[in-house]
Each structure stands twice: as structure tokens, then as C-alpha cells.
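**Q** Before I ask anything, let me first share the structure, which is written out below as C-alpha cells.
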Amino acid sequence: MENCLFCKIVKGEIPSEKVYEDESVLVFRDINPAAPVHVLLIPKEHIGGADELKPEHSDLIAKLILTAGKVAEELSLSNGWRIVTNVLEDGDQTVRHLHFHLLGGAKLGDFGLKG
Ligand code: AMP
Ligand code: ZN
């Protein structure tokens, strides 16, 4: 989708620090980390947010969450981690392309996280 920041990252028009990529999913470091480890998992396909999900996205969502586990392992988050998705205005969503924050590397309660 035009003028979508994360679609531009998918297309390589905006640089990102990639952690994992396959045909449908991209994982990259958050530019403003809220925890020692903070990456974003996104579908390459543009979906505005969790509010736009349809039954046909079930496999994609399962894959994103399975990928979170795989990336958490690769990033040595053996002590635990969290995934968060913010939705629309009251949910503090600032980028309107579905993304899961994967956070870890410390006891997260100490960070006062919004995601
Ligand atoms: P949210 O507020 O839940 O929509 O999350 C958007 C996230 O995207 C924030 O944590 C931002 O720090 C992050 N972000 C914004 N621009 C970039 C960028 N160019 N590269 C990486 N992360 C970004
Ligand atoms: Zn997009």
C-alpha cells in the first residue's frame, strides 16, 4: 500500500535492520526500542491492524506467532518474552500496518511498556 511505512520497509525503500525474512513475514529491529530486545514482526501483505483480520488470515497469524517463538530462541530470550499488538487509536497504534512487538531481554515489568 502506498504511503505505508512498513510496506516501504518490505519493498526496501526504507532501510531496516532485518532479523528474519521469508516469503510472507519480515522481522526487523524497532527503531526506538522499549526493551533490551525489541523487534517487530509483520506480514509482507498490507493488513491495517488486528481489527482488519479475516478468517483467511488464520494461517498467516499462526505463522507470525510461530515465527515470534523461533526469533525469540535465535535472540536467546530463553528467560521469557512478550508479544503485543496495538490496535487503532485507543490501542496506541502509530503505524497502520499490522505488527507484533516482540520484547525481551529483561524483566519487562520494569519498563512500563506500552508495546
Ligand atoms: P505501534 O505504536 O504499536 O504502531 O508501533 C510502531 C512501532 O514502529 C514503534 O515502536 C516505532 O518505534 C516503530 N518504528 C517506527 N518507524 C520505524 C522504522 N523506520 N524502523 C523500525 N521501527 C520503526
Ligand atoms: Zn503496509
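Computed from the coordinates by the stated procedures, all read-outs in this text should not be read as laboratory data. Remember, predicted model here, so these are calculated numbers, not experimental data. Here the Cβ is made from the backbone with ideal geometry for all residues, glycine too, and neighbour counts use every protein chain on show.
**Q** Going by C-beta contacts inside 10 Å, put K44, K11 in order with the fewest on the left.
**A** Neighbour counts put them in this order, fewest first: K11, K44.
**Q** In what order do I42, I31 fall by count of nearby beta-carbon atoms within 10 Å, going from fewest to most?
**A** I31, I42
**Q** Place a +1 charge on the Cβ of each Lys and Arg in the chain and a -1 charge on the Cβ of each Asp and Glu, then give the dipole magnitude about the Cα centre in debye, rounded to the nearest 20.
**A** For the chain, the charge dipole is close to 260 debye.
**Q** For the chain, what is the calculated [θ] at 222 nm in deg cm²/dmol (nearest 500), taking -39500 (n - 2.57) for each run of four or more DSSP H residues and dividing by its residue count?
**A** -6500 deg cm²/dmol
**Q** Moving on to the next point. Using the charge dipole of the chain (Lys, Arg: +1 at Cβ; Asp, Glu: -1 at Cβ; taken about the Cα centre), state which of Y20, I9, H38 has its Cα farthest towards the positive end.
**A** Among Y20, I9, H38, the one farthest towards the positive end of the dipole of the chain is H38.
**Q** Using the Cα gyration tensor of the range 19-65, with a ≥ b ≥ c the square roots of its eigenvalues, what is the shape: rounded (a/c below 1.5), prolate (a/b larger than b/c) or oblate (neither)?
**A** Prolate is the answer for the range 19-65, as a/c is 1.5 or above and a/b outweighs b/c.
**Q** Something else: Where does helix 58-74 land angle-wise versus the long Cα axis of the chain, in degrees 0 to 90, nearest 10?
**A** 30
**Q** Same structure, new question: Report the net charge of residues surrounding E74, where surrounding means a beta-carbon distance below 15 angstrom and charges are Lys +1, Arg +1, Asp -1, Glu -1.
**A** Net charge around E74: -1.
**Q** Here is a further query. Report, ordered by chain and residue number, the aspartates and glutamates lying within cross-link reach of K54, taken as a straight Cα distance under 14 Å and ignoring same-chain residues fewer than 8 apart.
**A** E45
**Q** What relative contact order, as a whole-number percentage, does the range 13-115 give when Cα pairs under 8 Å and 6 or more residues apart are counted?
**A** 32
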